[in-house]
Protein chains: 2
Amino acid sequence: MARIVMKFGGTSMAGIERIRTVAKLVKREWEAGNQIAVVVSAMAGDTDRLVGFCREASSLYDPREYDVVVSSGEQVTSGLLAIALQAAGVPARSWLGWQLPIRTSDVHASARIEDIDTTELDRSLAAGEIAVIPGFQGATEGNRVTTLGRGGSDTSAVAMAAAMKADRCDIYTDVDGVYTTDPRIVPRARKLQKVTYEEMLELASVGAKVLQTRSVGLAMKEGVRVQVLSSFVGEDGVVRPGTLIVGEEEIDDMERQLITGIAHDKNEAKVTLVEVPDRPGAVAAIFGPLAAGGINVDMIVQNIAHATGSTDVTFTVPKADLARAIDLLEKARGEIGYTKLIHDTRIAKITVVGVGMRSHAGVAATMFATLGARGINILAITTSEIKVSVLIEEDYTELAVRVLHTAYGLDAAEEPEAA
Amino acid sequence: MARIVMKFGGTSMAGIERIRTVAKLVKREWEAGNQIAVVVSAMAGDTDRLVGFCREASSLYDPREYDVVVSSGEQVTSGLLAIALQAAGVPARSWLGWQLPIRTSDVHASARIEDIDTTELDRSLAAGEIAVIPGFQGATEGNRVTTLGRGGSDTSAVAMAAAMKADRCDIYTDVDGVYTTDPRIVPRARKLQKVTYEEMLELASVGAKVLQTRSVGLAMKEGVRVQVLSSFVGEDGVVRPGTLIVGEEEIDDMERQLITGIAHDKNEAKVTLVEVPDRPGAVAAIFGPLAAGGINVDMIVQNIAHATGSTDVTFTVPKADLARAIDLLEKARGEIGYTKLIHDTRIAKITVVGVGMRSHAGVAATMFATLGARGINILAITTSEIKVSVLIEEDYTELAVRVLHTAYGLDAAEEPEAA
């Protein structure tokens, strides 16, 4: 007997027919003798509808009331899945965030889970009952409803798995695992059997949208074994194994690759401030106002000083925040002292990730050489212990991903058959 | 300063534009210095959508999970109204059923309110905050979500008013008050300024669908002054006074009418069992199975025995239950011993209501004479202290209502101007 958390996203919950399919998958695990908690998202589109209502009611909506409104989507699907499970002959009940309770911080609309009380839940699971738990929601100490921010259901599932000391947290989604890169760009991309938390974090943060970044960080911290797999089963009704996300110690040397995957991200914009005076405090004058405005700055490149005693500073911000960033920087122009602000949205970030690169030199060199050989200009570089990211012109994105995939030996032996 | 409960139905909450209108009405009462709790329904159509999901998931859905699903509609509108009130510059917060809490029985899907804890609410109201409370929902002692059954939001509002010791419970709806009869049938129908609880109960139970019957019974028991009025205001934004539903002692003799109103109901079907043996227990054999089947029998007429020692028994049941009633009666045929079952759905019940008739003979006689003069045949009669109901052929419904309205002197002096 194992304890398993199964998490289903909005596409899997979109309509009663699909909810019935989910009930079948859950029943199968239950019949195998496992104790099961299911964490569900709202029906696809429902959260958008509810968020739309709040925005229409007021652009400055109270996040406490927003949470009351938008948390209802998961309340609906958890009740419906409990009904569908019962109809399939399986004892089940829903547990709303306040019922367990799932205690969170009081930062409404992006709360953090602080504690999950599993006393009653354990009793219910021990009695053979399946627990259906709405993702994305919780309650404060003062009993106000909270939500965890968009995509928070993955985090709910991992937090539940940690609290329940589950053997595994299976995240069912519309892809069947984590790939070496986006298969729409590289048909010979391979599904990874295992990937480490750190690698998954890097991949998730640079555009591989399989799992919400926060959920991966939490899984790493709590040591929760996460599996990403598809809820769309074939004719035989059997679920194919997905990708396991685990600690580095669970991946033996034979399995280990130098590079695990290649991600790309087109959601950043590049900003360059020209001729910033090269003096102490100059950088703080730039990034202080952006941080205060809640804008997430990613790559930062500062060249050596010009002979004039000034320097150019380049960095990236999310495209969605570009207009606001420019506004903030123009207001701070006097203090920063740059002569010109240049921005560019037609850029992409390419990242190669792999824990193996810790012990192998030359990963970055291979990257630069491979891109250079195709005439792809590198606009900026950042590195960490397990990744190298470069900024390039957006038009070269797919080409760059393909040539790097080949260069690092990630191509599958054969192209998959056409689906 | 007064304490007021304001209740808004699904039509008033259908969409953000209407919710903003509601916020304006609420703000006006708040600016007048009153303490306000607002009870809201789900958006029109939303409860039907959610009920539909449950039925699709399983025809034998667990009512505990049904309650989790369908209570979400009011959760959404209460959060949205709180946002709209804040946007209008009024402090407001939502209080879900479990947050107050509103304690109910554990008869899921048709729970009864047992107790409302207003400790925290009182503090919030005293601080000048408007409380927005989802109607229709509550929570059991064991913290499961409950709903009160369809139309339960009126009951929620009256129960809140009783718990808060409110001076008034204003039920905003799509009509502007209680009329002497349906103005679509009688253009000269008059809006009543006041009506007693008992009269309203009789009117509500025979088809005047302004208020849910249970809410009127509760208002009577708790002595809550209820006002029915329209949420659709004119150009000037001023709400017109509606109809007050109060205790008999609040209506002075000058205001008192012999007859308060005339209602009609086309939702009943007539069943006659022919030649039922005239022996003790015969009636129990008929109505026992129907009661066990949860079928609400209304008018019952048993004629005197035929010379043969048998009698015909006629009664009405809701049209929606007719097929099931026939089925139950056919199964019990051996025990009851009737020779034939006749049924008729083309009937209507006409009811004249008025506390004044207690002290005046001749109300029933006027009714029979008035209908007889127009050749309208009376199929059955029931009376209570403050009403007389007759069953007639459905085709005569409008004619009967009109001639009775005139006969009892209820016609307004002039027809209203065309709207």
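Could you grab the pairs with beta carbons closer than 6 Å, sequence gap of 6+ or different chains, first residue in region A:270-286 and in a loop (DSSP other than H, G, I, E, B), second one among the small types (Gly, Ala, Ser) and surrounded by fewer than 16 Cβ atoms within 10 Å (Cβ to Cβ)?
A:Asp278/A:Ala305; A:Asp278/A:Gly309
Tally time: how many residues in region A:378-394 are part of a strand (DSSP E or B) and open to solvent by 10 Å² or more (accessible area, probe 1.4 Å)?
Number of matching residues: 6.
Counting only residues that are hydrophobic (A, V, I, L, M, F, W, C) and within 14 Å of A:Ala57 (Cα to Cα), how many does region B:51-89 have?
Qualifying residue count for the region: 9.
Which pairs turn up if I take residues in region B:56-68 that are at the interface with chain A (Cβ under 7 Å from one of its Cβ atoms) and look for partners that are open to solvent by less than 20 Å² (accessible area, probe 1.4 Å) and aromatic (Phe, Trp, Tyr) with beta carbon separation below 6 Å, at least 6 apart in sequence or on another chain?
none
Could you please find all residues in region A:13-25 being open to solvent by less than 10 Å² (accessible area, probe 1.4 Å) and assigned to a loop (DSSP other than H, G, I, E, B)?
Matches in region A:13-25: A:Met13 only.
Could you please let me know if A:Val317 is at pLDDT below 90 and not in a loop (DSSP other than H, G, I, E, B)?
no
Considering each of B:Ser41, B:Ser71, B:Ser94 in turn, give the residue that is among the polar types (S, T, N, Q), surrounded by 24 or more Cβ atoms within 10 Å (Cβ to Cβ), within 7 Å of chain A (Cβ to nearest Cβ) and touching a residue at least 12 places away in the same chain (Cβ under 8 Å).
So the residue among B:Ser41, B:Ser71, B:Ser94 that is among the polar types (S, T, N, Q), surrounded by 24 or more Cβ atoms within 10 Å (Cβ to Cβ), within 7 Å of chain A (Cβ to nearest Cβ) and touching a residue at least 12 places away in the same chain (Cβ under 8 Å) is B:Ser94.
Quick check on my filter: what residues within region B:74-90 are part of a helix (DSSP H, G or I), more than 7 Å from chain A (Cβ to nearest Cβ) and either surrounded by fewer than 22 Cβ atoms within 10 Å (Cβ to Cβ) or among the hydrophobic types (A, V, I, L, M, F, W, C) (or both)?
Hits for region B:74-90 are B:Leu81, B:Leu85.
Being crowded, with 18+ Cβ neighbours inside 10 Å and in contact (Cβ under 8 Å) with a residue 40 or more places away in the chain is the filter here; which residues of region A:299-311 pass it?
Selection gives A:Met299 alone.
Can you find a residue that is assigned to a strand (DSSP E or B) and of a type outside the set (D, E, K, R) anywhere in region B:397-411?
no
If you go through region B:118-148 one residue at a time, how many are within 14 Å of chain A (Cβ to nearest Cβ), open to solvent by 60 Å² or more (accessible area, probe 1.4 Å) and in contact (Cβ under 8 Å) with a residue 40 or more places away in the chain?
Result for region B:118-148: 1.
From A:Arg55, A:Arg64, A:Arg49, A:Arg20, which residue is within 19 Å of A:Val238 (Cα to Cα), of a type in the set (Lys, Arg) and out of contact with any strand residue (DSSP E or B) (no Cβ under 6 Å at 6 or more places or on another chain)?
The conditions single out A:Arg20.
Can you tell me which residue is farthest from A:Thr316 (Cα to Cα) among those in region A:343-372 that are open to solvent by 60 Å² or more (accessible area, probe 1.4 Å) and at pLDDT 95 or above?
By that ranking, first place goes to A:Arg346.
So in region B:238-276, with the set limited to residues that are over 19 Å from B:Thr173 (Cα atoms) and basic (Lys, Arg), which one is least open to solvent (accessible area, probe 1.4 Å)?
If we take residues in region B:238-276 being over 19 Å from B:Thr173 (Cα atoms) and basic (Lys, Arg), then B:Lys270 is least open to solvent (accessible area, probe 1.4 Å).
Scan (1) open to solvent by less than 30 Å² (accessible area, probe 1.4 Å); (2) more than 27 Å from B:Thr21 (Cα to Cα); (3) of a type in the set (A, V, I, L, M); (4) modelled with pLDDT of 90 or more for the single condition B:Ile171 breaks and write down its number.
(2) is the only condition that B:Ile171 fails.
The values are calculated or read from the model by the stated rules, or taken from the named source; none is laboratory data. Nothing here was measured: the structure is a model prediction, and the numbers come from that model. So basically every Cβ, Gly included, is an ideal-geometry build from the backbone, and we count neighbours across all protein chains shown. Keep in mind that these areas ignore ligands, DNA and RNA; they rest on the heavy atoms of the full protein, side chains included. Shrake-Rupley method; radii C 1.70, N 1.55, O 1.52, S 1.80 Å.
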